[in-house]
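Colleague: Have a look at the structure that comes next, please.
We did not get these values from a lab; they are worked out from the coordinates using the rules stated. Because the structure is a prediction, the values reported are computed rather than measured. Neighbour counts run over all protein chains shown; Cβ positions are idealised from the backbone, glycine included.
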Amino acid sequence: MDSTQRRRPTAGTAAGPDTADKDAELFWERHYRARPTTSARVNPLLAETAAPLHPGSALDLGCGAGGDALWLGRHGWQVTAVDISTTAVERVRERARDLGIADRVDAEQHDLAVSFPAGQFDLVSAQYFQTPFALPRSRVLRTAARALRPGGLLLVVDHGSTAPWSWNQDPDIHYPTPTEIAAELALDPAHWSVLRADMPRRRATGPAGETATVIDNVLLIQRAQSTGREQLDAGQP
């Protein structure tokens, strides 16, 4: 059963969703239209994980302003970036053209509750892939794990604490631990291994420049290497 989780609108707004707005696509479209077009930064845990890897194909789930997808593209990765917001997708495409990496960053609009991008990937990144709307998150992440090539990595980074600028200040909110998230995914340990499941602290900067120590819940999963016939069938779940 999926956890009930809430996502802060990505840094830039402290307001929560309009309770009258029940349409996820419309909400995130309004969110990104209201944000200025700025150069987004890479999430530090993605950079830490991807930097030592040989560049291959990557999938960025919920790419938002595109900081992660553009960083990966600039470091030689072939990236598929997806978001529910058409405005976010168009801005990532535009920024990739401006940076001269449009041939390495392909942005697609997807409601991941309904559709999932085609292909096999060496790295799938789900950075703060949480939302105030209904989302079969565990199902989406299982699909992502099955889209990994042999030896590929799935990196899931979630909020593990409430920052002062978060719109959800509920003191009783439960942030599922990496171990709980892994249990929800229920991946066969014969084919997927947990390489990392921890809760590091870091100093973060909010939308108004304020700083606070926050916790990230980090889960890193690797698909097993395959040989022989298994290699040929690696694309099958």
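Colleague: If R0 is 35 Å, what FRET efficiency do you get for Asp111 and Leu195 from their C-beta distance, rounded to 0.05? Walk me through the numbers before you get to the answer.
Modeller: Numbers: r = 30 Å, r/R0 = 0.85.
With a Förster radius of 35 Å, E is 0.75.
Colleague: So what is the orientation-averaged projected area of the range 42-232, using the convex hull of its C-alpha atoms, in nm²?
Modeller: The number I arrive at for the range 42-232 is 11.5 nm².
Colleague: Moving to a separate point now. Over the range 42-232, what is the relative contact order in whole percent, taking alpha-carbon pairs under 8 Å and six or more residues apart?
Modeller: On the way: 343 pairs, mean separation 33.5, N = 191.
Relative contact order of the range 42-232: 18 percent.
Colleague: Measuring from a point 7 Å past the Cα of Ile173 along Cα-to-C-beta, which residues in the range 112-139 have an amide N at less than 19 Å?
Modeller: 126-138
Colleague: Can you compute the charge dipole magnitude of the range 133-220 about its Cα centre, using +1 on each Lys and Arg Cβ and -1 on each Asp and Glu Cβ, nothing else charged? Give it in debye, rounded to the nearest 20.
Modeller: Using only the charged Cβ atoms, the result is roughly 420 debye.
Colleague: Step through the residues of the range 142-150 one at a time and calculate ³J(HN,Hα) from phi using the Karplus curve (6.51 cos²θ - 1.76 cosθ + 1.60, θ = phi - 60°), rounding each to whole Hz and writing x for Gly and Pro.
Modeller: Per residue, the Karplus-derived 3J(HN,Hα) values read 5, 4, 4, 4, 6, 7, 6, 6, x Hz.
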